[in-house]
Structures are given as C-alpha cells and as structure tokens.
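Student: Handing you this structure, nothing more for now.
Please treat every number below as a calculation from the coordinates, not as lab data. These numbers were taken from a predicted model, which means no experiment stands behind them. With ideal geometry, Cβ positions are generated from the backbone for all residues, glycine too; neighbour counts draw on all protein chains shown.
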Amino acid sequence: MSRPASGRPLKPAPPPLRVDTARVVLAGTALWVVALVVVLLLGDRVERVWTWTCVAGIVLPFVGLAIMRWQGQLGRRDPGDDR
C-alpha cells in the first residue's frame with residue numbers, strides 16, 4: 001500500500017456497486033410519466049415545451065435500454081447471482 005504525504009496508509013477502494021440498470025432507468029421513466037400527467041392536468045397554464053420534454057423523458061430511456069440490450073449489457077448475470 002502506498003503512503004500519502006501525511007504518512008498514513010491509503011484505504012483500498014471499495015468494490016463497485018452492483019446495480020440493476022434496467023430497474024433504475026424504468027423508475028426514472030415512471031417519474032417522467034408522472035410529470036407528463038401533471039403537465040397535462042395543468043393544461044394551458046404551462047408551455048407546450050414541458051409536454052414534449054416529458055415525452056422525450058419517456059421515449060429516450062427505451063432507446064437507451066434497446067441499445068444496452070443490443071450491446072449485451074442487459075440480461076447478463078454472473079453465475080451464482082441470486083438477484
């Protein structure tokens with residue numbers, strides 16, 4: 001282990017977190033759906049750009065998930081992974 005200028009040993013880096021990326025993306029997409037419902041309920045009191053922002057926030061994650069699946073980053077599990 002190397003020592004910084006203070007003389008104390010550095011702590012080893014923690015292992016990377018295992019995250020279910022698809023679940024995180026779908027949770028964020030659900031928030032965009034809620035935002036779209038709110039914007040639609042507000043009607044003419046908000047600018048139309050917010051409606052299209054919400055639509056983009058709903059559509060683009062599915063494009064990203066499709067690309068991740070195509071690249072093989074989704075659906076890959078290690079042996080012994082009990083998730």
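Student: Just the residues that are hydroxyl-bearing (Ser, Thr, Tyr) and farther than 16 Å from residue 50 by Cα, please, taken from segment 16-40. Write out each step before concluding.
Tutor: Our first condition is that a residue be hydroxyl-bearing (Ser, Thr, Tyr); within segment 16-40, this holds for 21, 29.
21, the sole residue that qualifies.
Student: Sticking with this structure for a sec: Taking only segment 41-50 into account, find how many residues are surrounded by 12 or more Cβ atoms within 10 Å (Cβ to Cβ) and in a helix (DSSP H, G or I).
Tutor: 1
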